[in-house]
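Since the structure comes first, as structure tokens, the remarks are kept for the end.
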There are 2 protein chains.
Amino acid sequence: MDITVAIDCMGGDHGPHVTVPSAIDYLRHDPEANIILVGIPDAIEAELQAAKFKSSTRIRIHPASEVVGMDESPALALRNKKDSSMRVSINLVKTGEAQACISAGNTGALLATSRFVLKTIPGIDRPALAVILPTIAGHTYVLDLGANVNCTAEHLLQFGVMGASLVASVENKNAPSVGLLNIGEEDIKGNEVVKKASDLLRGSGLNFYGNVEGNDIYKGTTDVVVCDGFVGNVTLKTSEGLAQMLATYLREEFKRNLLTRLAGVFAMPVINAFKRRVDHRQYNGASFLGLKGIVIKSHGSADVFAFKSAIKRAADEVRGGMLRRISERVSDLSK
Amino acid sequence: MDITVAIDCMGGDHGPHVTVPSAIDYLRHDPEANIILVGIPDAIEAELQAAKFKSSTRIRIHPASEVVGMDESPALALRNKKDSSMRVSINLVKTGEAQACISAGNTGALLATSRFVLKTIPGIDRPALAVILPTIAGHTYVLDLGANVNCTAEHLLQFGVMGASLVASVENKNAPSVGLLNIGEEDIKGNEVVKKASDLLRGSGLNFYGNVEGNDIYKGTTDVVVCDGFVGNVTLKTSEGLAQMLATYLREEFKRNLLTRLAGVFAMPVINAFKRRVDHRQYNGASFLGLKGIVIKSHGSADVFAFKSAIKRAADEVRGGMLRRISERVSDLSK
């Protein structure tokens, strides 16, 4: 299926130096994709030349004169930078020239701008950020990751609908299982919002599994895990911190002395296979769900490989008909 | 310093089979500790005999005729089981015969019963569960871990006071740093409760570091991390799940084929050193803080080694004068 995605080339820690080679590389692996490179033409051209890219009908530059800074206030970016590479990319989705856009830029500005430009799907109060995480047996989708704090039960229900639609569209699963993140102690069954959300999800027509606990995320108990943005953000960041600590420990143990270094040489192929398996770059790309358009947020520090994962995520969502699926499921809710 | 601790011998998945040998073993390493073994005398005696324990003035049995089941309703346990090993252990703290008690039993029942029997320290509205977690450079204390959902800003402030008192007493740090768990995006600076708690902590006289994010826990950015029980519980359980997943992956990679198995043999001493370092058993024992007595909750599945860590935690809190420190800091707040 022929698709077109817009890339905010100026966003992220590395800008066009990562986004442009990544786009070129992506096209090699997806013969039915077209890409619009959005940003300052000179900067983009320079990277195309550096990559020795020959002109192609599948890639074109769309100029944007401004760049949103990584630390810029989202409100100011929204108000003042109408010709930023980020905003122009989102505009291309709105006009239908692209079916999705990807940015590694300022998260807050991306959320605010895409919500302002694209608007939410009827029936969705608040868009949410979803990420994919590895599990023992595969992977799972978790939302919200920080776009919303202070969620109501109705918001959590909508996250369930959006998460299920996302998995249905990119994983080809008809009725993905949805879990509600809660705490396990029998005496303290979670707060009022979660209790009410549980009732709503149970009556929603979704394949609701019930409550899940933190450890169920990486067990892969359900296809989708729903939580409010505060909990989701803390959970994700904690996981990053723990993984870094364990990696540091393992490295230190292998570097302890000559003997352990030698063991490290023998174990290298295994450790490298392990590293490839847990490489978070393959999971790069958070989906901003609930808008009338597909928006993918790449990690700011993404390299060429990681950014390509984010482009692929956008392409999968377009081809899986995600927007239609969300709309359908939301309208099912009100029946 | 001579101390006496009461052990609920019947609690946990393994009961006296773990708690009794663990107590005997602990006494060997702490010549100034006395232990009261609480539970069904026959069951305790049998384990003492199995361990070939010779009678000692430092250990005695205190009978209790009932046992709280792991899945029993905390409310029913509180109402009906007045002679349970758990409740009798807590009573010994109340009467002053013991300075602390340890139980691996039903968490909800332990929280409810110890709160009912011991009452809270004036100025503390809600007791909280604190755990110790490893960090890149050492360890950190996190609370609350699930005793409280729906916390107010004042509760979070009190958690900060209790956490700082705990670290001051067991780590010999005069002004432990306290971080407030929050989410990082500049545009979405957390919910109203956390914002207000931040103001309260800033004016509290504690060594308040400011907001921290999930990854700061395992970085060890602060000595204490404060959060509400819902977030804390999810964070802890998620960490357990991630650690299990990574361990599974690593094991699978080493078992992939003959060559990787051989590498595993070479790497074994390093992997074992790594395992010892991340062994969660050394961190067993959550402190139930804010009561007029010291109560330690051991993991239900604790083995002899893990349960000993919990006994040590109790002894450290007694010797560090934790209760006095909490009272002093709370009364400082109201000045």
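Any read-out appearing in this document is the output of simple, stated calculations on the displayed coordinates, not a laboratory observation. In this text, all values refer to a predicted model and were calculated from it rather than measured experimentally. We place every Cβ from the backbone using ideal geometry, glycine too, and count neighbours over all the protein chains shown.
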Residues in the range A:144-159 near a label at B:T248, defined as backbone nitrogen under 12 Å from the 7 Å Cα→Cβ point?
none
If R0 is 22 Å, what FRET efficiency do you get for B:K82 and B:K119 from their C-beta distance, rounded to 0.05?
0.80
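Which of A:M245, A:M86 comes first, and how do the rest follow, when ranked by fewest Cβ neighbours within 10 Å?
Taking fewest neighbouring Cβ atoms as first place, the list is A:M245, A:M86.
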Copy-to-copy label separations for B:K173, where each label sits 7 Å from Cα toward Cβ, in nm and ascending
4.1
Using 30 Å as the Cα-Cα cut-off, could you pick out the over-long pairs in A:K195/A:K237; A:K119/A:K173; A:K297/B:K275; B:K54/B:K173?
A:K297/B:K275; B:K54/B:K173
With charges only on Cβ, +1 for K and R and -1 for D and E, what is the dipole size of the range B:1-96 about its Cα centre, in debye, rounded to 20?
280 debye
Test of understanding: ordering B:V5, B:V330 by Cβ neighbours within 10 Å, fewest first, what list do you get?
B:V330, B:V5
Rounded, prolate or oblate (a/c below 1.5 giving rounded, otherwise prolate when a/b exceeds b/c) for chain A by Cα gyration tensor
oblate
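Just subtract the alpha-carbon distance of B:R202 and B:D42 from 0.36 nm times their residue separation and send over the number in nm, one decimal.
52.2 nm
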Between the range A:105-155 and the range A:260-335, what is the C-alpha centre distance in whole Å?
14 Å
What helix-only [θ] at 222 nm does chain A give? Using -39500 (n - 2.57) per DSSP H run of at least 4, over all residues, to the nearest 500, the answer is -16000 deg cm²/dmol
Potential extension, B:K275-B:E328 segment - 0.36 nm per residue separation minus Cα distance
15.1 nm
Magnitude of the Cβ-charge dipole of the range B:125-288, K/R +1 and D/E -1, about the Cα centre, nearest 20 debye?
860 debye
Just tell me how shielded B:208-217 is by partners: mean number of partner chain Cβ atoms within 10 Å of each residue's Cβ, no decimals.
4
Choice from A:L258, A:L27, A:L143 showing the highest fluctuation, given a GNM over chain A with Cα pairs closer than 10 Å
A:L258
Label position 7 Å from Cα toward Cβ: report the copy-to-copy distances for B:S65 in nm, one decimal, ordered from shortest.
9.0
Would you please put B:209-218, A:193-202 in order of how densely packed they are, using the mean number of other Cβ atoms within 10 angstrom per residue and starting with the highest?
B:209-218, A:193-202
Three-way shape label, the range B:125-288, alpha-carbon gyration tensor, a/c 1.5:
prolate
Average partner coverage of A:270-276, which counts Cβ from other chains inside 10 Å
5
Give the average, rounded to an integer, of partner chain Cβ atoms located within 10 angstrom of each Cβ in A:255-261.
2
Just to confirm the numbers: A:E328, label point 7 angstrom along the Cα-Cβ line, distances to the other copies in nm, shortest first?
6.7
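Test of the criteria: in the range B:1-49, which GluC sites (Glu not before Pro) are in a DSSP loop and have at most 13 other Cβ atoms within 10 angstrom of their Cβ?
Values: sites: B:E32, B:E45, B:E47; in loops: B:E32.
Loop-located and lightly packed - B:E32.
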Total charge dipole magnitude, chain B, about the Cα centre, Cβ charges on Lys, Arg, Asp, Glu only, Debye to nearest 20:
540 debye
Sparse-neighbourhood loop sites, GluC sites (Glu not before Pro) in the range B:122-205 - DSSP loop, at most 16 other Cβ within 10 angstrom
B:E186
Can you sort B:F254, A:F159 from fewest to most other Cβ atoms within 10 Å of each residue's own Cβ?
B:F254, A:F159
Highest-MSF residue in chain B out of B:K82, B:K219, B:K275 [GNM, Cα springs under 10 Å]
B:K275
Between A:F305 and A:E32, what is the label-point separation in nm under the 7 Å Cα-to-beta-carbon projection?
2.8 nm
Applying the gyration tensor rule to the Cα atoms of the range B:1-100 (axes a ≥ b ≥ c; rounded if a/c under 1.5, else prolate if a/b exceeds b/c, else oblate), the class is oblate
